[in-house]
């Protein structure tokens, strides 16, 4: 319930003369964040952000260039400034905590274009204790109905040449490693050129980077620039003016170079700045979720967090193939039955089956429109007998819809494909968008595709289907609104362990929580237990760059309500003691404590299992070994817990000895502090069960 | 059943040395057409066509440029030359005749690219008595699977600077008037600039023209260059080298500039040349139909030629509106009921209703994706009560699906829209594609849209729905293959009578049968009985440029199995005696005789009603008055017929006195010759009923 409050107007706002610089400012509820708005005599609006007195964003511009009508919306008269506060709590359908506080002060500026267009718009700022978001709103008005965005002029001006965690700006791929350099040292083209394993790259230019973009300042601030509620609008990339430290929004163009087609009333996604002097606070931020709309799904009881295994990794490492031709077809009835048996035996919810449907002989790289029909199994895959077999065993098949980028084909067939799933009793789908998009000229990150992903979320919800999207655009908290859209890939996931060139570096998983994961759960597919990937092809040099204990810890540090158990059954059966952690670890939580974290170095998180007194902790490190301290103060006071600790041994090392681990049991209380030793590329996973 | 025969190989084909010019030639079954193939020492293949010894096509090039793989397919070795003959008859589901002879000699050249690509292709020539068609075929081969056509190099080289009937080449519109100039005088941009009434133009350039392209030579040949069976390929426009008289194929590009995405085995549409020394033979040609595949619809008994009226013209002339807003909504229950009453009273099959569904307030010009949903009537339109009312009266509502060019939206909703129709008992749909296409960057005439139109034809056939497509690409005889695709617009139709600038010139309908109609039936919407279009808005100066008798004659001269009766009921009720001809004229025929014709001047056609002894004749002229002689030798010998003649009076004139007509009855036999007087812009329509 917003209630109006006084905002600070430092100089005469509505009476402003052309020489005046009206200032409007507001703060976060706890005063740590300060937002200042200025308007020059020419009408140039800027915003400025500080955190506990330290500069976060120096005065930075706002506005648009429209191509229809042709007008530059960059000089404004401020018509009104309204403010309000909100403090509420809400409960997610699933997540890292069972209750989220949404507390902010809101400032809404109503602006009128100073040129002859007479266009009015609003900028809505919401200032939280851990950052702020703002968006542009175009109300219904006679002077503007349909319009086309040629460019968004939003800027983020940094106070210094910060340490920056970035990946190359790309219209079609977000499956890069992160680079860590000074802002002034960004060279996105050079970074992209080092990436040899990405099938499709549409690199924007040497100065363009993706969001979320993370900074660590010399005065120990952690700053993330991102977006929330990306709806009916292209992805926000950023162009970097390295000398002036100005980041300007670079929207993804469509086939003819336009950015967005909008109709009033409408609004942009939120542009977000999360800031803290504690890295752990940034990881715990709920700002992105809070800026999204509440769930549109009334009865969400059918949405169930899941752990699943799959007919998948064995294709990556050369044991089997997606396609039937060639004699190594993985998704045959007998093989999948074995997976169902394994899932049933060890208590997993689902079995993903890729390569089940006709079309894989000719699916990739040809920009071909009619590849898959999503309803025709290969003849050696008896879907009906398998779904029935799975049902008897309490396991469900997970459907796979690889579109091969041909989205027009998928859209034509979506209804039939989901009806087919419902008929077969399958209620989770993994979608894929590998390759160049059709409609040709559109990009994975453009407005047209953003609308497509949302359409899939909405349509799967209609059919009560849970969704896991791969090769889709970066998530921006829309899983609050569509809780059936449980996970997406949208980053370099574990499959890149199998990539010949760069693979997954040890630090990668220590950066993801500070960047990609701020937007939503990732189907990273952890749980690899075999580290040399030459199991079925002795010539392969690809390898996993972690220890086994780190693979376990990832189930805690990389949150997802759809968590894959990615390795082959035969590889798990060699380490059933360690495998026990994967069996036990939940995918839904009542509470989360980010204990310690530093981007690029380490992450230590503890979480309380949903509806249970048990806690779990996961610690991971980069290429350096490390000792972390874990105070168990989160445990219930006065109770005794048994901790089962899965850890690296003294001689464990991701390069030389990744598979060695120790499992220890300890009795602990909330007063205990554990010292965790992480090997190079290592980790530690702990289960705490109340006695 | 093709049987192999000897072809003339004038010089050593397979032993050809580099200095040799191997010649292969073949002729039409009746020897009138001669085709000669040459191959230079460099591998440049050319074809040459003559008719009764007169040059039609001088040696002209063949080939392709592919962008993937990057190869120029322009120099070939001839690997084989095979020939055969066909002489068969087939029966169309509906049409101008009930039996069509398909007689040709076929020559198939197997070619191998002389460059390193090793690509093989075939060129298949079919030489009929009235012209020829050839197409390129890419067989399955290891050296070519998926490929992208950057350009097709097919040329047509003319023997002289012929009189040419042309319209500007345009990727999105074929709704132009024809221009008649020497080939050397073509200026497509200037012609397009004169056209002020076309909402969307994508003019290719000053030297580009559309097909079908018609020539009349100084030595009295009529030549048409066109294409047949346009499937999975863009429309063929032509670029004109005026000095060298070379026409080169200009394919329509997609959003990224490519022309066609193909996969072996595949083939191009047929490139066709129809030629005759009799204009009437050109009009009677079945070459385009014969080059299309037989019907894919097994049981076609549900496909019924129809005459229909519609809630349509009153929107054009300002009595009503498509949109509900504004208070003049045409498609309200009461109005449509009146149309149903009128159709029932006068014996028409259908009532087209445009503006029935929500969305028209905001449908045009904004490149908006989600406009119509095709299932939501305006609240003042009670579809259920109307379909039931119509059913009682023996009339059917005709559905209207205006896509506003947003084809992605339509494709998403097609199944639901057709299911809705089936549920409502509606089995004919008029589709529309007004405005710029979405996927943005695609064109009405591009490969993606060609595939869409075919998809609509196939899907409507699945639902047993008859199809009439507007703003679609030029038809190429596919109504043989999909006889439910009964008509399309794809040219400037009668609605342009209401256009302020150029309108429909008197000659336009004398050119259409020689050009656009060669490809298939047109929903021209004849039958206007009121010529000043200021009925509901006294300021309007638009007018119809014909006499009333010519409007009647158009029902015979412009063949379509879906023929609209376009004017308002109140305008027909003022001329019920003349209206009787429209009530009587059939839309399906056993036989057709093109009695006299000259493009741009006049057309006189007689047709025998399907399953009846009655004949009908229609004669039209351009802006000149004219007397035509009609020998009735087609009537059954020895029988007496009553001829009802609807004709211009002596003082009728399209400009000064269009509404005056005479109706005469005469007794005639097959020995009678009638002399028909046509006023300026006039016509004559006759019904012959056996006594």
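Hey, any hits in the range A:294-313 for a residue that's crowded, with 23+ Cβ neighbours inside 10 Å and in a helix (DSSP H, G or I)?
The answer is yes, given that some residue of the range A:294-313 is crowded, with 23+ Cβ neighbours inside 10 Å and in a helix (DSSP H, G or I).
Please go through (1) within 14 Å of another protein chain (Cβ to nearest Cβ); (2) out of contact with any helix residue (DSSP H, G or I) (no Cβ under 7 Å at 6 or more places or on another chain) for residue B:233 and return the number of the only condition it doesn't satisfy.
Only one criterion in (1) within 14 Å of another protein chain (Cβ to nearest Cβ); (2) out of contact with any helix residue (DSSP H, G or I) (no Cβ under 7 Å at 6 or more places or on another chain) is unmet by residue B:233, namely (2).
Go through the range A:636-649 and give me each residue that's assigned to a loop (DSSP other than H, G, I, E, B) and either out of contact with any strand residue (DSSP E or B) (no Cβ under 8 Å at 6 or more places or on another chain) or crowded, with 23+ Cβ neighbours inside 10 Å (or both). Explain how you work it out, then say what you get.
Of the range A:636-649, the ones assigned to a loop (DSSP other than H, G, I, E, B) are A:636-640, A:649.
Across the range A:636-649, the qualifying residues are A:637, A:638.
Please determine whether any residue of the range A:90-100 is more than 26 Å from residue A:517 (Cβ to Cβ), modelled with pLDDT of 95 or more and assigned to a loop (DSSP other than H, G, I, E, B). Step through it out loud before you land on a result.
Kept after step one, since they are more than 26 Å from residue A:517 (Cβ to Cβ), are these residues of the range A:90-100: none.
Scanning the range A:90-100 turns up no residue that is more than 26 Å from residue A:517 (Cβ to Cβ), modelled with pLDDT of 95 or more and assigned to a loop (DSSP other than H, G, I, E, B).
When the residues of the range A:341-378 are filtered to those that are in contact with a strand residue (DSSP E or B) (Cβ under 9 Å, 6 or more places away or on another chain) and part of a helix (DSSP H, G or I), which remaining residue is farthest from residue A:396 (Cα to Cα)?
A:362
Any idea which of (1) buried (at least 21 other Cβ atoms within 10 Å of the Cβ); (2) within 14 Å of another protein chain (Cβ to nearest Cβ) is the one residue B:288 doesn't satisfy?
(2)
Considering the range A:351-365 alone, what residues qualify as being within 27 Å of the chain's Cα centre (by Cα) and within 11 Å of another protein chain (Cβ to nearest Cβ)?
Matches in the range A:351-365: A:364, A:365.
Touching a helix residue (DSSP H, G or I) at 6+ places or on another chain (Cβ under 6 Å), more than 18 Å from residue B:352 (Cβ to Cβ) and buried (at least 20 other Cβ atoms within 10 Å of the Cβ): is that true of residue B:609 in this structure? First the steps, then the outcome.
Numbers: touching a helix residue (DSSP H, G or I) at 6+ places or on another chain (Cβ under 6 Å): no; more than 18 Å from residue B:352 (Cβ to Cβ): yes; buried (at least 20 other Cβ atoms within 10 Å of the Cβ): yes.
Judged against the criteria, residue B:609 is not a match.
Test each condition in (1) within 14 Å of chain A (Cβ to nearest Cβ); (2) in contact (Cβ under 8 Å) with a residue 24 or more places away in the chain; (3) touching a strand residue (DSSP E or B) at 6+ places or on another chain (Cβ under 9 Å); (4) part of a loop (DSSP other than H, G, I, E, B) for residue B:198 and report the one that comes out false.
Result: residue B:198 passes all but (1).
Being crowded, with 19+ Cβ neighbours inside 10 Å, over 29 Å from the mean Cα position of the chain (by Cα) and part of a loop (DSSP other than H, G, I, E, B) is true for just one of B:319, B:324. Which residue is that?
Details: B:319 fails: crowded, with 19+ Cβ neighbours inside 10 Å.
Sole residue among the options that is crowded, with 19+ Cβ neighbours inside 10 Å, over 29 Å from the mean Cα position of the chain (by Cα) and part of a loop (DSSP other than H, G, I, E, B): B:324.
Which ones in the range A:366-409 are more than 10 Å from chain B (Cβ to nearest Cβ), in contact with a helix residue (DSSP H, G or I) (Cβ under 8 Å, 6 or more places away or on another chain) and over 15 Å from residue A:354 (Cβ atoms)?
A:373, A:375, A:382, A:384, A:385, A:387, A:389, A:390, A:393, A:394, A:395, A:396
Out of B:625, B:633, report the one residue that is over 23 Å from the mean Cα position of the chain (by Cα) and under 17 Å from residue B:689 (Cα atoms). Write out each step before concluding.
Values: B:625 fails: under 17 Å from residue B:689 (Cα atoms).
So the residue among B:625, B:633 that is over 23 Å from the mean Cα position of the chain (by Cα) and under 17 Å from residue B:689 (Cα atoms) is B:633.
Residue check: is residue B:596 more than 14 Å from residue B:685 (Cα to Cα), assigned to a strand (DSSP E or B) and in the same structural domain as residue B:551 (by TED's automatic domain parsing)? Before the answer, list the steps.
Values: more than 14 Å from residue B:685 (Cα to Cα): yes; assigned to a strand (DSSP E or B): yes; in the same structural domain as residue B:551 (by TED's automatic domain parsing): yes.
Against the criterion (more than 14 Å from residue B:685 (Cα to Cα), assigned to a strand (DSSP E or B) and in the same structural domain as residue B:551 (by TED's automatic domain parsing)), residue B:596 qualifies.
If I ask for residues that are assigned to a helix (DSSP H, G or I), more than 10 Å from chain B (Cβ to nearest Cβ) and surrounded by 21 or more Cβ atoms within 10 Å (Cβ to Cβ), which ones from the range A:426-465 would you list?
Just the residues of the range A:426-465 that are assigned to a helix (DSSP H, G or I), to begin with: A:447-462.
Keeping just the survivors that are more than 10 Å from chain B (Cβ to nearest Cβ) gives A:449-450, A:453-454, A:456-458, A:460-462.
Result: A:449, A:450, A:453, A:456, A:457, A:460, A:461.
Does residue B:203 satisfy the condition of being within 30 Å of residue B:434 (Cβ to Cβ), crowded, with 16+ Cβ neighbours inside 10 Å, in contact with a strand residue (DSSP E or B) (Cβ under 8 Å, 6 or more places away or on another chain) and within 14 Å of chain A (Cβ to nearest Cβ)?
On the way: within 30 Å of residue B:434 (Cβ to Cβ): yes; crowded, with 16+ Cβ neighbours inside 10 Å: yes; in contact with a strand residue (DSSP E or B) (Cβ under 8 Å, 6 or more places away or on another chain): yes; within 14 Å of chain A (Cβ to nearest Cβ): no.
Criteria not met by residue B:203.
Looking at the range A:571-580, can you tell me whether even one residue there is more than 29 Å from residue A:229 (Cα to Cα) and crowded, with 23+ Cβ neighbours inside 10 Å?
Filtering the range A:571-580 down to residues more than 29 Å from residue A:229 (Cα to Cα) leaves A:571-580.
Filter once more, keeping what is crowded, with 23+ Cβ neighbours inside 10 Å: none.
Scanning the range A:571-580 turns up no residue that is more than 29 Å from residue A:229 (Cα to Cα) and crowded, with 23+ Cβ neighbours inside 10 Å.
So, of the residues in the range B:250-265 that are in a strand (DSSP E or B) and within 12 Å of chain A (Cβ to nearest Cβ), which turns out to be nearest to residue B:61 (Cα to Cα)? Walk me through it before giving the result.
Initial filter on the range B:250-265 (in a strand (DSSP E or B)): B:250-251, B:260-263.
Right, trim to within 12 Å of chain A (Cβ to nearest Cβ) and you get B:260-263.
Details: B:260: 20, B:261: 22, B:262: 22, B:263: 24 Å.
Checked the range B:250-265; the qualifying residue nearest to residue B:61 (Cα to Cα) is B:260.
Considering every residue within the range B:410-417, establish whether at least one is more than 14 Å from chain A (Cβ to nearest Cβ) and crowded, with 17+ Cβ neighbours inside 10 Å. Quick ask: steps written out before the conclusion?
Of all residues in the range B:410-417, those more than 14 Å from chain A (Cβ to nearest Cβ) come to none.
Looking for residues that are more than 14 Å from chain A (Cβ to nearest Cβ) and crowded, with 17+ Cβ neighbours inside 10 Å, one finds none in the range B:410-417, hence no.
Scan A:672, A:656, A:660 and give me the residue that is without any contact (Cβ under 8 Å) to a residue 12 or more places away in the chain and surrounded by fewer than 20 Cβ atoms within 10 Å (Cβ to Cβ). Step through it out loud before you land on a result.
Numbers: A:672 fails: without any contact (Cβ under 8 Å) to a residue 12 or more places away in the chain; A:660 fails: without any contact (Cβ under 8 Å) to a residue 12 or more places away in the chain.
None of the others qualify; the one that does is A:656.
Identify the residue in the range B:125-143 that is closer than 29 Å to residue B:25 by Cβ and more than 28 Å from the chain's Cα centre (by Cα) and, among all such residues, is nearest to the other protein chains (Cβ to nearest Cβ).
Step one: of the range B:125-143, the residues closer than 29 Å to residue B:25 by Cβ are B:125-139, B:141.
From what is left, the residues that are more than 28 Å from the chain's Cα centre (by Cα) are B:139, B:141.
Working: B:139: 17, B:141: 15 Å.
Among those residues, the one meeting the criterion is B:141.
Would you please name the residue that is modelled with the highest pLDDT, looking only at residues in the range B:13-39 that are closer than 16 Å to residue B:110 by Cα and not in a strand (DSSP E or B)?
Among residues in the range B:13-39 that are closer than 16 Å to residue B:110 by Cα and not in a strand (DSSP E or B), the one modelled with the highest pLDDT is B:22.
Find the residue count for the range B:286-338, including only residues that are free of Cβ contacts under 8 Å to residues at least 12 places away in the same chain and in contact with a strand residue (DSSP E or B) (Cβ under 9 Å, 6 or more places away or on another chain).
Taking the range B:286-338 first, the residues free of Cβ contacts under 8 Å to residues at least 12 places away in the same chain are B:298-299, B:301, B:326-328, B:334.
If we keep only those that are in contact with a strand residue (DSSP E or B) (Cβ under 9 Å, 6 or more places away or on another chain) too, we end up with B:327-328.
Counting residues in the range B:286-338 that are free of Cβ contacts under 8 Å to residues at least 12 places away in the same chain and in contact with a strand residue (DSSP E or B) (Cβ under 9 Å, 6 or more places away or on another chain) gives 2.
Restricting to the range A:650-691, count the residues that are assigned to a strand (DSSP E or B) and within 23 Å of residue A:558 (Cβ to Cβ).
First, the residues of the range A:650-691 that are assigned to a strand (DSSP E or B): A:653, A:657, A:661-668, A:673-678, A:683-690.
Checking the rest, the ones that are also within 23 Å of residue A:558 (Cβ to Cβ) come to A:653, A:661-663, A:674, A:676-678, A:683-689.
The qualifying residues number 15.
The values are calculated or read from the model by the stated rules, or taken from the named source; none is laboratory data. Given the structure is predicted, the values throughout are model-derived calculations rather than measurements. Every residue, glycine as well, gets a Cβ built from its backbone with ideal geometry; the counts of neighbours run over all protein chains shown.
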